1. Any residue in the stretch 53-81 that's touching a residue at least 12 places away in the same chain (Cβ under 8 Å): show its pairings with residues that are of a type in the set (Ser, Thr, Tyr) and open to solvent by less than 90 Å² (accessible area, probe 1.4 Å) at Cβ separation under 6 Å, as long as the two are six or more apart or on different chains.
2. Is it the case that some residue within the stretch 42-55 is of a type in the set (S, T, N, Q), touching a helix residue (DSSP H, G or I) at 6+ places or on another chain (Cβ under 9 Å) and closer than 23 Å to ASN24 by Cα?
3. Determine whether ILE9 is outside any helix (DSSP H, G or I), closer than 19 Å to LEU79 by Cα and either open to solvent by 90 Å² or more (accessible area, probe 1.4 Å) or modelled with pLDDT under 95 (or both).
4. Would you pick out the residues in the stretch 16-40 that are farther than 30 Å from ASP3 by Cβ and either touching a strand residue (DSSP E or B) at 6+ places or on another chain (Cβ under 7 Å) or assigned to a loop (DSSP other than H, G, I, E, B) (or both)?
5. Can you tell me which residue in the stretch 41-63 is modelled with the lowest pLDDT, limited to those that are out of contact with any strand residue (DSSP E or B) (no Cβ under 8 Å at 6 or more places or on another chain) and either open to solvent by 60 Å² or more (accessible area, probe 1.4 Å) or among the basic types (Lys, Arg) (or both)?
6. I need the full set of residues from the stretch 64-81 which are assigned to a helix (DSSP H, G or I), surrounded by fewer than 16 Cβ atoms within 10 Å (Cβ to Cβ) and not basic (Lys, Arg), in order please.
Amino acid sequence: MNDFILKIIKAEYVRDYILRLTFNNGEIGLMDFTPLMDKGICQKLRDIDYFKSFTLDHFTVDWNNEIGFAPRFLYERILKS
């Protein structure tokens, strides 16, 4: 059984609604959050100032303890660099 827990260890704003995410497995990639902004609370991310106000918690990026995404979800959607 694989007990490895994927985490985001670094997040940097790039441009528009794109973050560069560094994972604890060494992978780095760009994540465009634009497609996730269509519904529910994620619509708040359309405010670019709110989007830029993300923080990094113990395992993923977070917006004001309101919006967060599982690291595996983000990892499966990044454009790897």
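1. Short answer, once both residue conditions are applied: PRO71/THR60.
2. Here is the first cut: in the stretch 42-55, the residues of a type in the set (S, T, N, Q) are 43, 53, 55.
Filter again for touching a helix residue (DSSP H, G or I) at 6+ places or on another chain (Cβ under 9 Å), leaving none.
Checked the stretch 42-55: no residue is of a type in the set (S, T, N, Q), touching a helix residue (DSSP H, G or I) at 6+ places or on another chain (Cβ under 9 Å) and closer than 23 Å to ASN24 by Cα.
3. The answer is yes for ILE9.
4. ASP16, TYR17, ILE18, ASP32, MET37, ASP38, LYS39
5. Applying the filter and picking the extreme gives HIS58.
6. The initial filter retains those residues of the stretch 64-81 that are assigned to a helix (DSSP H, G or I), namely 71-75.
Those left that are additionally surrounded by fewer than 16 Cβ atoms within 10 Å (Cβ to Cβ): 72-73.
Passing the criteria: only PHE73.
The values are calculated or read from the model by the stated rules, or taken from the named source; none is laboratory data. None of the values given here were measured: they were computed from a predicted structure. Positions of Cβ are backbone-derived with ideal geometry, glycine not excepted, and every protein chain shown enters the neighbour counts. Accessible surface areas use protein heavy atoms only, side chains included; no ligands, DNA or RNA. Shrake-Rupley method; radii C 1.70, N 1.55, O 1.52, S 1.80 Å.
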